[in-house]
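Enquirer: Let me begin by handing over the structure; questions about it come next.
The values are calculated or read from the model by the stated rules, or taken from the named source; none is laboratory data. Treat the numbers as computed from the prediction; the structure is a model and nothing was measured. Note: ideal-geometry Cβ built from the backbone for every residue, glycine included; neighbour counts use all protein chains shown.
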Amino acid sequence: MTKISNQLGKSFVFISILSVAFITIIANISVTSFFANYIKETRHRDDLKVVRYVEQVYNDYNELNAQSLMSIIHYTFSESVTVRLRDMDNNIIWNSSTDDMISEMGGQASSESSLAFQNYVMNYKDKQVGSIDVGRSKSIISSFEDKQFLSTINIVFAIAFVFSVIMAMLSSSRVSKKFLEPIYQIIANAKLIEKGRYKQLKEVMTNTYELNELSISINELSERLDHQELLRRRMTSDMAHELRTPLATLQSHIEAFMDKVWEPDIEKLSIVHEEIIRLTKLIKELSDLSIIESDEIKLNKSEINLSDLLISIVESFEPLITGKNISIHKEIEKDIKLLGDIDHFNRAFINILSNAYKYTNENGNIRVTLKQSYDVINVIIED
């Protein structure tokens with residue numbers, strides 16, 4: 001696996017190299033093309049100057065003699081060109097590159113195979129008397145100055161290339177740091193969630209929309225997991241508390257039967273049976289994951305005889321209460337009814353009565369009162 005910083009660095013350098021190379025190639029082609037056209041135009045103007053000079057010399061001497069040809073040779077030598085004179089029949093009558101005077105001047109004849117000639121009309125007193133071939137090097141970029149100019153441009157592009165690569169590397173490091181620091185913080189927060197440390201997440205500072213949204217999602221996930229963990233702990237605690245009471249009731253009833261304190265009659269056995277049914281319901285709820293995933297309470301409402309329910313619960317506690325020498329006093333009005341969920345009422349009363357039993361000393365008293373005043377029902381459990 002490659003780090004994103006390395007990938008970004010390589011991408012930045014590659015794009016910079018590609019961009020500079022593309023610009024260099026296009027610029028070289030453009031410069032060479034424009035420069036070549038400029039050289040051609042310059043050569044054409046210089047060729048016309050040569051032609052005008054030859055015509056002037058011919059006009060001054062009225063013929064081509066040794067002196068006029070010497071003047072032309074001097075001029076062509078200074079202009080680094082080769083001149084061929086043609087008659088009206090297009091025959092070459094004189095060639096500056098083969099004239100013996102070149103050697104006398106210390107020069108060397110140019111090889112015509114390396115020259116490109118342009119033909120121009122030669123006039124004398126406004127009449128054509130022949131033509132002139134002006135020959136120059138076939139290479140457009142032939143002079144030292146031209147080659148130096150193009151070399152300088154290429155050096156500038158090479159410097160720009162190196163500078164761009166360096167800037168790309170520095171920029172990639174800066175950009176990578178800008179994007180990676182929030183990502184590293186998000187990774188650290190994710191690891192804290194993995195360890196269950198939901199409250200220790202650190203704030204991610206970024207102005208990048210996508211990274212900010214990712215950070216918000218991570219925080220929301222942490223809050224939700226923390227909430228679910230709280231619900232699980234609360235449910236475990238509640239279930240442990242609720243399972244403890246019916247188990248203790250069953251144990252006390254069975255011990256009373258074994259010690260022959262009570263006779264296992266229908267009434268006592270029905271209490272045991274109800275406790276077993278309640279235990280079964282609690283275990284079923286414990287295995288129901290929907291209780292863990294949501295803290296919403298679903299009520300199955302029906303008409304409840306609260307008087308009978310409370311009497312039944314108090315009677316189920318009698319073996320425990322008797323074993324601790326606690327007196328229980330009941331003041332329960334008959335036939336008090338309401339609409340509600342019997343399981344939740346049953347659970348609530350058992351929990352409260354269990355706490356009353358737990359925190360009442362031996363030889364103490366517990367009072368259970370149920371009374372109705374108009375539409376208000378009061379249940380009071382005192383220890």
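Enquirer: Which count do you get for residues in the stretch 343-352 that are surrounded by fewer than 18 Cβ atoms within 10 Å (Cβ to Cβ) and charged (D, E, K, R)?
Expert: So the count comes out to 1.
Enquirer: Follow-up question, since we're still on this one. Return the residues of the stretch 184-215 that are touching a helix residue (DSSP H, G or I) at 6+ places or on another chain (Cβ under 8 Å), among the hydrophobic types (A, V, I, L, M, F, W, C) and either more than 25 Å from Glu229 (Cβ to Cβ) or part of a helix (DSSP H, G or I) (or both); say none if nothing qualifies.
Expert: Correct list: Ile186, Ala190, Leu192, Ile193, Met205, Leu211, Leu214.
Enquirer: Given Thr152, Thr236, Thr206, which one is in contact (Cβ under 8 Å) with a residue 12 or more places away in the chain and β-branched (Val, Ile, Thr)?
Expert: Thr206
Enquirer: Quickly run through the stretch 171-200 and pick out the residues that are more than 20 Å from the chain's Cα centre (by Cα) and not polar (S, T, N, Q).
Expert: Once the filter is applied, which keeps residues that are more than 20 Å from the chain's Cα centre (by Cα) and not polar (S, T, N, Q), the stretch 171-200 yields Leu192, Ile193, Glu194, Lys195, Gly196, Arg197, Tyr198, Lys199.
Enquirer: Among (1) at pLDDT below 85; (2) surrounded by 12 or more Cβ atoms within 10 Å (Cβ to Cβ); (3) more than 16 Å from Asp46 (Cβ to Cβ), there is one condition Asn123 misses while meeting the rest; what is its number?
Expert: Only one criterion in (1) at pLDDT below 85; (2) surrounded by 12 or more Cβ atoms within 10 Å (Cβ to Cβ); (3) more than 16 Å from Asp46 (Cβ to Cβ) is unmet by Asn123, namely (1).
Enquirer: Out of the stretch 325-349, which residues are in contact (Cβ under 8 Å) with a residue 40 or more places away in the chain and either within 18 Å of Ile377 (Cα to Cα) or of a type outside the set (A, V, I, L, M, F, W, C) (or both)?
Expert: Once the filter is applied, which keeps residues that are in contact (Cβ under 8 Å) with a residue 40 or more places away in the chain and either within 18 Å of Ile377 (Cα to Cα) or of a type outside the set (A, V, I, L, M, F, W, C) (or both), the stretch 325-349 yields Glu331, Ile336, Gly340, Asp341, Ile342, Asp343, His344, Phe345, Asn346, Arg347, Phe349.
Enquirer: Quick one: in the stretch 191-207, of everything that is of a type outside the set (Lys, Arg) and loosely packed, with under 14 Cβ neighbours inside 10 Å, which residue is farthest from Val175 (Cα to Cα)?
Expert: Gly196
Enquirer: Run down Asn90, Asn59 and say which single residue is in the same structural domain as Leu115 (by TED's automatic domain parsing) and part of a helix (DSSP H, G or I).
Expert: One residue alone meets the criteria, Asn59.
Enquirer: OK, next. Is it the case, given these coordinates, that Phe349 is more than 15 Å from His241 (Cβ to Cβ) and assigned to a helix (DSSP H, G or I)?
Expert: So Phe349 does not fit the description; no.
Enquirer: If you go through the stretch 326-336 one residue at a time, do you hit one that is part of a helix (DSSP H, G or I), surrounded by 12 or more Cβ atoms within 10 Å (Cβ to Cβ) and modelled with pLDDT of 80 or more?
Expert: No, every residue in the stretch 326-336 fails to be part of a helix (DSSP H, G or I), surrounded by 12 or more Cβ atoms within 10 Å (Cβ to Cβ) and modelled with pLDDT of 80 or more.
Enquirer: Output the number of residues of the stretch 16-44 satisfying the condition of being surrounded by 12 or more Cβ atoms within 10 Å (Cβ to Cβ), at pLDDT 75 or above and of a type in the set (Phe, Trp, Tyr).
Expert: 1
Enquirer: Also: Within the stretch 214-228, which residues are exposed (fewer than 13 other Cβ atoms within 10 Å of the Cβ) and either at pLDDT below 85 or of a type in the set (Phe, Trp, Tyr) (or both)?
Expert: Correct list: His227 only.
Enquirer: If we keep just the residues of the stretch 353-383 that are surrounded by 15 or more Cβ atoms within 10 Å (Cβ to Cβ) and under 60 Å from the mean Cα position of the chain (by Cα), which is farthest from Lys298 (Cα to Cα)?
Expert: Ala356
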